[in-house]
Amino acid sequence: MGAALRRLRHLLRARRRDPGPAGTTEEILRSLVDPHLFHLEGGEFGVVATRVARGGGPDGTEQSSVLIATSPDLLTYTEIGLLDLGVTDGVHRPAAAFDAQAGVYRLSWSDDAGCARRATVADLADAATVGAVEDGGVDGLEHGAPLAVPEEVARGLEVRFGRIVNTDARPLPEVHVPRGGMLGVDSLPGRLELDYSDGSTGSLAIEWDLAAQAAIDTAVPGEHRVQGRVRQAVYPTPFADERADPSVYRFDFNGEQKFLMIATKDLHLDPVNNSGEPVGMPLRMADRIEDLSDEALEAGRVTEVDLLVHGSPDADGNSMTGCFWAPEIHLIDGTLSILFMPSYGTPTDMWSGRASIVQLRKDAAGRHLDPTVPAHWTPARHVVRADGAALNPIQGISLDMTYVEDSGQHYYAWQMLGSVFIARMDPADPTRLTSDPVRIIAPEYAWDNLIAEGPNVLARDGRLYLLYSGSTVGDTYTTGLATAPAGEGADLTDPATWTRLGHPIQKSGPFNGEMQLGTGHGMWSEDEDGNLLYVFHARTDRKGLTGRDMFVRRVHFATDGMPVLDMETEEELLPELRDVSVTVRVR
């Protein structure tokens, strides 16, 4: 089997049709129907299906061939390509099984007239090994028949695609204080350690009854109980109306912890001109994540200011008239920076958009000025290639830029030509690349369709997690994931460095009882307690509006190392575990 699989994987590279330089096009999009799962010789898995045009219509290959793929674990798949069966009257509802006694694969299918046909093949990658086609099916090759899988494979599927829920909490350790000693704020346990159904762990911070703690007299020996409550913020849903491509950034504002929020205005699902309402790039700043929300805005706890508006001049004196898409906040070379895309023209032409940067000015002592004052930001400058040329020489438009640092190297990743590109940059000159752009993610699957965009990267436990979004901007918008080694000096401009999931990491669905459609264009963030957050947008009809709205969730990591972006409130923490207590012994 080893030699056969090596041959299959080699042929994948030879037969696969990668998108051209201009990106994925309708002409190369294909789908499959009637997939059938079977065991390969030696125990791995194979998939046989009929290939069709996108949308289910014929593409011509369904008259003679079947599509073959392999998988070691039913989580990752390698498409081998088409196997020609030597017929011309149709191959529909194909099925396969390995006959160990004969040492061949037995295939069955139906022709255009609905008649059962069958054949054998010795090598799934070699049409020359297909035997004579005969009438009649093969017993046991019915679609939908059960297939036994090893326990570890079933467990992997359950972890990846099942619901992961909190099952228990670790006991809090007793706190021992010497007689007459100090019982400070940090003396009690800071977090509750949690266990989950897949074997993973997590933790949430605890808020203790400080009055009860202060009442303990450490001059007298004894035992005391202090009550507390686990901090599990439940953020408003949506968090902010008609604010798409959101970014939340935890900012050390000259020694004070602040949170900044910025997003694309998506009024009435018109992120270009906002349906005639004022266009701008909205920014909010607060002491807490909750106070960035629309609820806080309506209550007067936070204000929103447009850093840029229709007509704001860029560094070249040209008027920016719309879009201001996908603003992301980053600290680049110690300077607070916003990467975004403005567009130009009257009416605004989105195709004139260019990835750009503004940076927050500092005072004479090197302290950042107030980021909520538009005049404190530098004029917008386009990010260009090393030679000063535009990033996108084919279409012009470049957008969704993010900043990545790893192993002392600095990178920009962004979307153009419907794909995610990456290049090195020098943080001392953040407007110019230092290497040529390289495409690392192109849309290839049914769920990411014609576009891969909105990259954002997290470094965690020796791994880089790059979120991106696919499909059209609407109800089908979906979140994908690619990973790479972190802290090992890997070349992130080498596409082979990145490993991409073949399925979405997040998609439309219910969350805490409310349906969210078109989830995507997210950003990793962090809350006051250091919990990892995922900030993203989805389609809702909040307040009768139609734009994409902002949401905030905490992130859990499963035992397979993959992030869980849709863990609901009671899955994250059992209600009966929210109230806690700890024993304090004074000796």
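The values are calculated or read from the model by the stated rules, or taken from the named source; none is laboratory data. Note that this is a predicted model, so its numbers are computed, not measured. Neighbour counts are summed over all protein chains in view; Cβ atoms, including those assigned to glycine, are modelled from backbone coordinates with ideal geometry. Heads up: the accessible areas ignore ligands, DNA and RNA and are worked out on the full protein's heavy atoms, side chains in. Shrake-Rupley method; radii C 1.70, N 1.55, O 1.52, S 1.80 Å.
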With R₀ set to 41 angstrom, the calculated FRET efficiency between the beta-carbons of D370 and I394, to the nearest 0.05, is 0.55
Over all viewing directions the Cα convex hull of segment 301-395 casts an average projected area in nm² of 7.7 nm²
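Go through 495-503, 41-49 and give me the packing order, highest mean Cβ count within 10 Å leading.
Descending mean neighbour count gives 41-49, 495-503.
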Cα extents of segment 465-514 along the principal axes, largest first, in whole Å, come to 43, 23, 15
Taking the convex hull of the alpha-carbon atoms of segment 76-118 and averaging its shadow over every direction gives an area in square nanometres of 4.0 nm²
Judged on accessible area alone, 1.4 Å probe, highest first, R587, R460, R117, R553 line up as R587, R460, R117, R553
With T = 37 °C, eta = 0.692 mPa s and Kirkwood Rh from C-alpha pairs, the Stokes-Einstein D of segment 165-224 in µm²/s is about 245 µm²/s
Expressed in angstrom, Rg and Dmax over the Cα atoms of segment 33-114 are 12.8, 40
Rounded to whole angstroms and listed largest first, the alpha-carbon spread of segment 202-280 along its three principal axes comes to 71, 31, 24
Stokes-Einstein D for segment 548-587 (37 °C, 0.692 mPa s, Kirkwood Rh from Cα pairs), in µm²/s, comes to 245 µm²/s
Counting all Cα-Cα pairs in segment 78-152, those more than 20 Å apart amount in percent to 33 percent
Rounded to the nearest 10 Å², the 1.4 Å probe accessible area of K543 is 120 Å²
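How much accessible area per residue does segment 50-136 have, counting only protein heavy atoms and a probe of 1.4 Å, in square angstrom?
42 Å²
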Using alpha carbon centers only, segment 355-412 is separated from segment 196-275 by a whole-angstrom value of 29 Å
From highest to lowest solvent-accessible area (probe 1.4 Å; ligands, DNA and RNA excluded), E514, E576 read E576, E514
Hydrodynamic calc, the chain: Kirkwood Rh from Cα pairs, then Stokes-Einstein at 10 °C with viscosity 1.306 mPa s, so D in µm² s⁻¹ is 59 µm²/s
Row for segment 392-500, column shape: gyration tensor on C-alpha, a ≥ b ≥ c, rounded if a/c < 1.5 i.e. under 1.5, prolate if a/b over b/c, else oblate; value oblate
Per residue convex hull volume, Cα only, segment 18-79, in Å³ is 107 Å³
For the chain, the dipole about the Cα centre with charges only on Cβ (Lys and Arg +1, Asp and Glu -1), to the nearest 20 debye, works out at 780 debye
Of the residues N274, V373, G43, the Cα lying farthest along the dipole of the chain towards its positive end, which is defined by charges on the beta carbon of Lys, Arg, Asp and Glu, belongs to V373
Between the modelled labels at Q257 and T25 (7 Å from Cα along Cα→Cβ) the distance in nm is 5.3 nm
Taking every alpha carbon pair in segment 516-569 and sorting the distances into 5 angstrom bins from 0 up to the bin holding the longest one, the percent per bin comes out as 4, 18, 24, 23, 15, 9, 4, 1, 0
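On alpha-carbon atoms, Rg over Rh for segment 478-587 using Kirkwood Rh?
That ratio equals 1.09.
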Working note, segment 235-336: Cα radius of gyration (Å, one decimal) and Dmax (Å, whole number) are 14.2, 41
